[in-house]
Amino acid sequence: MSITVNGIDELKKLAGSDLGTSEWIEVTQERIDTFADATGDHQWIHVDPERAAAGPFGAPIAHGYLTLSLFIPLFTELLDVQGVTTKVNYGLNKVRFPSPVKAGSRIRLVAGLTEVEDVPGGVQITVDGAIEIEGGAKPAAVLQSLSRFYA
């Protein structure tokens with residue numbers, strides 16, 4: 001369920017809050033192949049199901065950066081900031097990929113808004129997130145993301 005705030009002042013009040021958990025999404029082989037085409041990364045561990053089945057993970061796996069790129073659509077399920085003119089991804093402080101995402105797996109995001117700080121014309125938020133794999137012992141990704149919202 002999404003938390004909706006109207007404007008920067010309401011966003012500031014969320015600092016230190018748990019944002020909850022997104023819905024599950026499936027990481028299909030088609031999504032992996034499309035990402036490979038978009039980035040030019042056609043390593044066999046991602047795009048050759050037969051060879052990958054005999055590889056170290058027993059199946060094709062998503063690119064780490066594909067998993068990371070899914071942070072944004074998952075995050076937008078958790079927080080909707082209204083009343084701002086611009087929303088931008090500012091970067092990452094940390095990211096790790098503790099466990100691979102096998103083709104056909106489902107992932108979701110668990111996130112918290114750890115900090116909201118003033119920047120010229122708006123605010124920068126720091127979000128700590130974990131992208132979980134359904135049934136997995138370790139997350140697919142743990143990250144600290146920075147976004148900016150301008151008035």
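The values are calculated or read from the model by the stated rules, or taken from the named source; none is laboratory data. Quick caveat: nothing in here was measured; it's all calculated off a predicted structure. We place every Cβ from the backbone using ideal geometry, glycine too, and count neighbours over all the protein chains shown. When the accessible area is computed, the model is the full protein with side chains, heavy atoms only, and any ligands, DNA or RNA have been set aside. Shrake-Rupley method; radii C 1.70, N 1.55, O 1.52, S 1.80 Å.
Annotations for the structure displayed:
- Eligible aspartates and glutamates near residue 12 by straight Cα distance, threshold 18 Å, same-chain separation 8 or greater: 80, 115, 117, 118, 128
- Based on Cα contacts under 8 Å between residues 6+ apart, the chain shows a relative contact order of 31 percent.
- In this Cβ point-charge picture (+1 for Lys and Arg, -1 for Asp and Glu), the range 35-121 has a dipole of about 300 debye about its Cα centre.
- Over every Cα atom in the range 79-150, the radius of gyration and the widest Cα-Cα span, Dmax, amount to 14.4, 43 Å.
- Here is the list for the range 1-59: trypsin sites (Lys or Arg not before Pro) lying in DSSP coil, each with at most 15 other C-beta atoms within 10 angstrom of its C-beta, are 13.
- Beyond 21 Å, the tail of the calculated P(r) for the range 1-79 holds 46 percent of the Cα pairs.
- According to the Kirkwood relation over distinct C-alpha pairs, the hydrodynamic radius of the chain is 16.3 Å.
- Tilt relative to the chain, helix 29-39 - C-alpha long axis, 0 to 90 degrees, to 10: 70 degrees
- Apportionment of accessible area to carbon and sulfur, the range 1-108, percent (1.4 Å): 49 percent
- For the range 37-107, projected area of the alpha-carbon convex hull averaged over all directions, nm²: 6.5 nm²
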